[in-house]
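Working notes for the structure below.
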């Protein structure tokens, strides 16, 4: 009877070791890229203080746009966020924990942090702007922080994108 119980216990423990939620390829894309960029901006002195790390992360979140901003909202880095799990980011970063491991831990607490993904990059060598919708053209300009005042037709947006493309795209 003891051996059966011991065997079941060993199988149970080994199952949990191998079913741990590891990140798959492409998962937590926004979390990993945003936190990697944030980590590169830190000095060793910044890592010593949790308050400094939290302040710097909030500043980075204040400058974030699109998916990065949404990630910051999920972890509590924006003013309008309902949750606050910044300490689950700043504490491990202070101890030089790998970013992928931090994102993996965040995924366990709040799965939506890892559901975010960046939009696909446009292939500027082969793109045909005339076949795109006006909404897509507006999004391109918005992502570049460009405006198109006086644009009424699709051709106006295409002309504006062609004018500013060299500043934002490496060909």
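The values are calculated or read from the model by the stated rules, or taken from the named source; none is laboratory data. Here the structure is a predicted model, which is why all the values come from computation and not from measurement. Neighbour counts are summed over all protein chains in view; Cβ atoms, including those assigned to glycine, are modelled from backbone coordinates with ideal geometry.
Taking residue 106 as the residue in question, decide whether it is surrounded by 17 or more Cβ atoms within 10 Å (Cβ to Cβ), outside any helix (DSSP H, G or I) and in contact (Cβ under 8 Å) with a residue 40 or more places away in the chain. Spell out the reasoning first.
On the way: surrounded by 17 or more Cβ atoms within 10 Å (Cβ to Cβ): yes; outside any helix (DSSP H, G or I): no; in contact (Cβ under 8 Å) with a residue 40 or more places away in the chain: yes.
Criteria not met by residue 106.
Would you mention how many residues in the stretch 54-70 are assigned to a helix (DSSP H, G or I) and more than 15 Å from residue 90 (Cα to Cα)? Spell out the reasoning first.
Step one: filter the stretch 54-70 for residues assigned to a helix (DSSP H, G or I), giving 54-63, 66-70.
So of that shortlist, the ones also more than 15 Å from residue 90 (Cα to Cα) come out as 62-63, 66-70.
Total satisfying the criteria: 7.
Looking at the structure I just gave you, is residue 77 within 19 Å of the chain's Cα centre (by Cα), closer than 28 Å to residue 42 by Cα and not in a helix (DSSP H, G or I)?
Working: within 19 Å of the chain's Cα centre (by Cα): yes; closer than 28 Å to residue 42 by Cα: yes; not in a helix (DSSP H, G or I): yes.
Yes; evaluated as a whole, the condition is true for this residue.
Restricting attention to the stretch 16-29, does a residue exist that is modelled with pLDDT of 90 or more, closer than 30 Å to residue 142 by Cβ, surrounded by 11 or more Cβ atoms within 10 Å (Cβ to Cβ) and within 17 Å of the chain's Cα centre (by Cα)?
So the first thing to find is which residues in the stretch 16-29 are modelled with pLDDT of 90 or more, and the list is 29.
Within this subset, residues satisfying the condition of being closer than 30 Å to residue 142 by Cβ are 29.
Narrowing further to those that are surrounded by 11 or more Cβ atoms within 10 Å (Cβ to Cβ): 29.
Still in the list and also within 17 Å of the chain's Cα centre (by Cα): 29.
Yes, because at least one residue in the stretch 16-29 is modelled with pLDDT of 90 or more, closer than 30 Å to residue 142 by Cβ, surrounded by 11 or more Cβ atoms within 10 Å (Cβ to Cβ) and within 17 Å of the chain's Cα centre (by Cα).
Is it the case that residue 118 is loosely packed, with under 13 Cβ neighbours inside 10 Å, outside the structural domain of residue 36 (by TED's automatic domain parsing) and part of a loop (DSSP other than H, G, I, E, B)?
On the way: loosely packed, with under 13 Cβ neighbours inside 10 Å: yes; outside the structural domain of residue 36 (by TED's automatic domain parsing): yes; part of a loop (DSSP other than H, G, I, E, B): yes.
Judged against the criteria, residue 118 is a match.
Starting from the stretch 58-71, take each residue that is over 23 Å from residue 120 (Cβ atoms) and list its partners that are assigned to a helix (DSSP H, G or I), counting only C-beta distances under 6 angstrom and pairs at least six apart or across chains.
What qualifies is 60/38; 61/72.
Of the conditions (1) within 15 Å of the chain's Cα centre (by Cα); (2) surrounded by fewer than 18 Cβ atoms within 10 Å (Cβ to Cβ); (3) closer than 16 Å to residue 36 by Cβ, residue 96 satisfies every one except a single condition; which number is it?
Among (1) within 15 Å of the chain's Cα centre (by Cα); (2) surrounded by fewer than 18 Cβ atoms within 10 Å (Cβ to Cβ); (3) closer than 16 Å to residue 36 by Cβ, the lone unmet condition for residue 96 is (1).
Being modelled with pLDDT of 90 or more and outside the structural domain of residue 54 (by TED's automatic domain parsing): is that true of residue 89 here? Quick ask: steps written out before the conclusion?
Values: modelled with pLDDT of 90 or more: yes; outside the structural domain of residue 54 (by TED's automatic domain parsing): no.
Answer is no for this residue.
Return yes or no: is residue 106 assigned by TED's automatic domain parsing to the domain that holds residue 65 and at pLDDT 90 or above?
Working: assigned by TED's automatic domain parsing to the domain that holds residue 65: yes; at pLDDT 90 or above: yes.
For residue 106, the condition - assigned by TED's automatic domain parsing to the domain that holds residue 65 and at pLDDT 90 or above - is met.
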